[in-house]
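Taking it in order: structure first as structure tokens, then the write-up.
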Ligand code: PSU
Ligand code: MN
């Protein structure tokens, strides 16, 4: 086992028993939602995964270790430490070597999940190509990670703070398939339709698992985006979210916000400008993703049992 990995007793037992495991990120806890909803949601998401027959493994960097599976105190620590470092691929060695507290992004969580032998990872939204990237070069490291690291990422698409068309072009160039669940459209996080189609609609966990196994058995390393739209009753009005997104983008530009601060700034402003209504949507979509991700992890495990690798 890798010297930096530390499994919780629950995850260690799941590994020993060959149970399906679902990875969860921690940036969403430290930087994505306010306290106490961040911790409550993290716990509820873990419970949804358990009820669906899989074992949750929330990942964070604590005391020089990649912790895979967190106890209640560790979840609370991440939820109440807004100064926890936002850790992407670039930052992983630093936060481990200096023994700081680190909340992992999609990219870093994928790296840790792969080290831990976990195939499925559930989150809210992934990073992507920012609007204006042709001059700012601001493209999330999440996309490069999807190109190289073999983990299926269940999400509700990407937010319209990004250039969704360019994000999908980037993924296509790097051979990252984008699946959709229950509809042909690629979702836009707060809304169900981004105006773009996913590559392949695969509604059942069995179909998704067959696709993912085929990709990896072909030796095609890299991730798969499993995009799952927010439940209709929790989707936000498109006009409202478009208007608020434009305002947040203007403020980021005028305020000279750059680098790794851009995404957290935009997420926080959208939350403030919707007066918390976006938080309700955010929580609902993550829970929905947890259900889909757990079913996928179970189907992947079952498929592995049926076919010789
Ligand atoms: N997009 C969201 N919610 C999030 C993030 C992105 O809708 O919480 C977080 C994720 O952790 C993601 C990270 O991996 O932001 C991307 O940051 P950046 O754009 O700096 O790569
Ligand atoms: Mn960036």
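Readers should treat all values here as calculations from the given coordinates under stated rules, not as data from a laboratory. Since we're looking at a predicted model, the values are computed, not measured. No Cβ is skipped: glycine too gets one built from the backbone with ideal geometry, and neighbour counts run over all protein chains shown.
Some points to look at:
- Highest average packing first - 34-46, 221-233, 118-130, Cβ atoms within 10 Å: 118-130, 221-233, 34-46
- Across the chain, the relative contact order, built from alpha-carbon pairs under 8 Å that are at least six residues apart, equals 19 percent.
- Cα pair distances exceeding 20 angstrom across region 4-123, given as percent: 33
- Residues 197, 86 arranged by fewest to most Cβ contacts within 10 Å: 197, 86
- Percent of Cα pairs in the chain per distance bin of 10 Å, from zero to the largest separation: 6, 30, 39, 21, 4, 0.
- Residue ranges 182-188, 5-11 sort as 182-188, 5-11 when ordered by packing (mean number of other C-beta atoms within 10 Å per residue, highest first).
- D (Stokes-Einstein, µm²/s), Kirkwood Cα radius, region 159-309, 1.306 mPa s at 10 °C: 94
- Relative contact order, percent, region 40-154 [alpha-carbon distance under 8 Å, six or more residues apart]: 21
- Distance between the 7 Å Cα→Cβ label points at residue 204 and residue 5: 3.2 nm.
- Residue order, fewest to most beta carbons within 10 Å, for 168, 202: 202, 168
- Inter-part distance, region 226-248 to region 188-208, computed on C-alpha centroids, equals 15 Å.
- Were the residues from residue 238 through residue 37 laid out at 0.36 nm apart, the gain over their Cα-Cα distance would be 69.9 nm.
- Under 18 Å from the residue 73 label point (7 Å along Cα→beta-carbon), backbone N, region 1-38: 6-11
- Label separation (residue 13 vs residue 193): 4.7 nm, computed from points 7 Å beyond Cα along the C-beta direction.
- Dividing the summed -39500 (n - 2.57) terms of all DSSP H runs of n ≥ 4 by the residue count of the chain sets its mean residue ellipticity at 222 nm at -14000 deg cm²/dmol.
- As a calculated quantity, the FRET efficiency between residue 169 and residue 65 at R0 = 35 Å, using C-beta atoms, amounts to about 0.40.
- Look at the alpha carbon pairs under 8 Å that are at least 6 residues apart: their mean separation over the length of region 90-178 gives a relative contact order of 30 percent.
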